[in-house]
Amino acid sequence: MAGKWVRMVTAQTPTNIAVIKYWGKRDEALILPVNDSISVTLDPAHLCTTTTVAVSPSFDQDRMWLNGKEISLAGGRFQSCLREIRSRACDVEDEEKGIKIAKKDWENLHLHIASYNNFPTAAGLASSAAGFACLVFALAKLMNAKEDQSQLSAIARQGSGSACRSLYGGFVKWIMGKDEDGRDSLAVQLADEKHWDDLVIIIAVVSSRQKETSSTSGMRETVETSLLLKHRAKEIVPKRIVQMEEAIKNRDFASFAQLTCTDSNQFHAVCLDTSPPIFYMNDTSHRIISVVEKWNRSEGVPQVAYTFDAGPNAVMIARDRKAASLLLQRLLFHFPPNADTDLNSYIIGDKSI
Ligand code: 2P0
């Protein structure tokens, strides 16, 4: 391994948006959820993380830069992901560059990591999901770890719960699992990116400010104080997961939209049921819900589903391109540029890679 070489791997991973939400952990350290969740992976052109990982004998410590700014790597979550991948590292040989790294060498080599998001960090657009998924995928490639996507997803989960779902495109289910060690808490692909390619996603960036309550502390408070969460996790979500899987399989937009909107609203109800209550949506978010609900009702069949994560930004899934263009017209009518709202931009993309 001697010499002045640098080995680099770059990966790009899109974020995902849950249509049946993850909210609440049964094990904080291992990041094990209280219920299954289902998400759709977005188009990487619009919302993704690009991460380059580099290793060299000349690096004397692990370092990381996020959007060009150096950040600390002391956190347990980063260390968990790194430890898990390191323990699976294999020999690497690159004759062209004269690089030879033996399995045992990985223990003593340091890493430099540079990561960029092409969207607002920590504004409820699941930046940690894309970030940890990309990091784990890039490290696995760098260290020649021979794990399949599902096993990598269980490692990414230890960085951030929702990250496990970003290892796949299309529709993805995070199975909560039963094991205490979390080995069976991982993501599986329900349908690939081509399965339902009529769908169009429009994100209304209501605010790109950092949220006040992080998902991690918010869900901890919910688990400690909300009775509604217990009911949701035990009685509601298991049935909804089955119904959502069926809706996706059959490309049944009416059921898909009804389940997506209802689950988003219940997630925010659970936040409100937390003590002290957590407010992620704002007046503009509520007005967007009204616009979509009224339109869907007037059409008789749903045209658009909406969902909101831990922030005020609206993610809207239109049934097809025609519905997407009508949605944009309606949004621009109700929220014109320069109007007195905090809605500042739209991101429009195909569903997935
Ligand atoms: C989700 N969210 O299913 C839900 C819906 C936000 C609302 O997963 O503590 O950043 O790192 O596991 O994954 C956000 O939570 O939290 C999230 P941690 P994470 O997408």
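The values are calculated or read from the model by the stated rules, or taken from the named source; none is laboratory data. Computed from a predicted model, the values in this text were never measured in an experiment. Ideal geometry is used to build each Cβ from the backbone, glycine not excepted, and the neighbour counts take in all protein chains shown.
From 165, 183, which residue is within 14 Å of the ligand (Cβ to nearest atom) and of a type in the set (Lys, Arg)? Of 165, 183, the one residue that is within 14 Å of the ligand (Cβ to nearest atom) and of a type in the set (Lys, Arg) is 165.
Restricting the stretch 297-335 to residues that are among the aromatic types (Phe, Trp, Tyr) and closer than 27 Å to residue 269 by Cβ, which is farthest from the ligand (Cβ to nearest atom)? It comes out as 335.
Restricting attention to the stretch 170-192, the residues that are part of a strand (DSSP E or B) and in contact with a helix residue (DSSP H, G or I) (Cβ under 9 Å, 6 or more places away or on another chain) add up to 10.
Flag set for residue 13, criterion: within 16 Å of the ligand (Cβ to nearest atom), touching a residue at least 40 places away in the same chain (Cβ under 8 Å) and surrounded by 14 or more Cβ atoms within 10 Å (Cβ to Cβ). Entry remark, the stretch 50-108: residues being of a type outside the set (Lys, Arg), under 14 Å from residue 7 (Cα atoms) and surrounded by fewer than 14 Cβ atoms within 10 Å (Cβ to Cβ) number 8 in total. Condition (residue is surrounded by 21 or more Cβ atoms within 10 Å (Cβ to Cβ) and either under 19 Å from residue 200 (Cβ atoms) or in contact with a His (Cβ under 9 Å, 6 or more places away or on another chain) (or both)) applied to the stretch 287-294: is it met by at least one residue? There is at least one residue in the stretch 287-294 that is surrounded by 21 or more Cβ atoms within 10 Å (Cβ to Cβ) and either under 19 Å from residue 200 (Cβ atoms) or in contact with a His (Cβ under 9 Å, 6 or more places away or on another chain) (or both). Just one of the listed residues (223, 188, 242, 206) is within 26 Å of residue 265 (Cα to Cα) and more than 16 Å from the ligand (Cβ to nearest atom), and it is 242.
When residue 257 is tested against (1) within 14 Å of the ligand (Cβ to nearest atom); (2) part of a helix (DSSP H, G or I); (3) not β-branched (Val, Ile, Thr), only condition (1) is not met. Scanning the stretch 30-47 for residues that are more than 11 Å from the ligand (Cβ to nearest atom) and surrounded by fewer than 24 Cβ atoms within 10 Å (Cβ to Cβ) returns 34, 43, 44, 45, 46. Condition first: over 30 Å from residue 255 (Cα atoms) and either outside the structural domain of residue 218 (by TED's automatic domain parsing) or in contact with a Phe, Trp or Tyr (Cβ under 8 Å, 6 or more places away or on another chain) (or both). Can you find one or more residues in the stretch 32-48 that meet it? Looking through the stretch 32-48, none of the residues is over 30 Å from residue 255 (Cα atoms) and either outside the structural domain of residue 218 (by TED's automatic domain parsing) or in contact with a Phe, Trp or Tyr (Cβ under 8 Å, 6 or more places away or on another chain) (or both).
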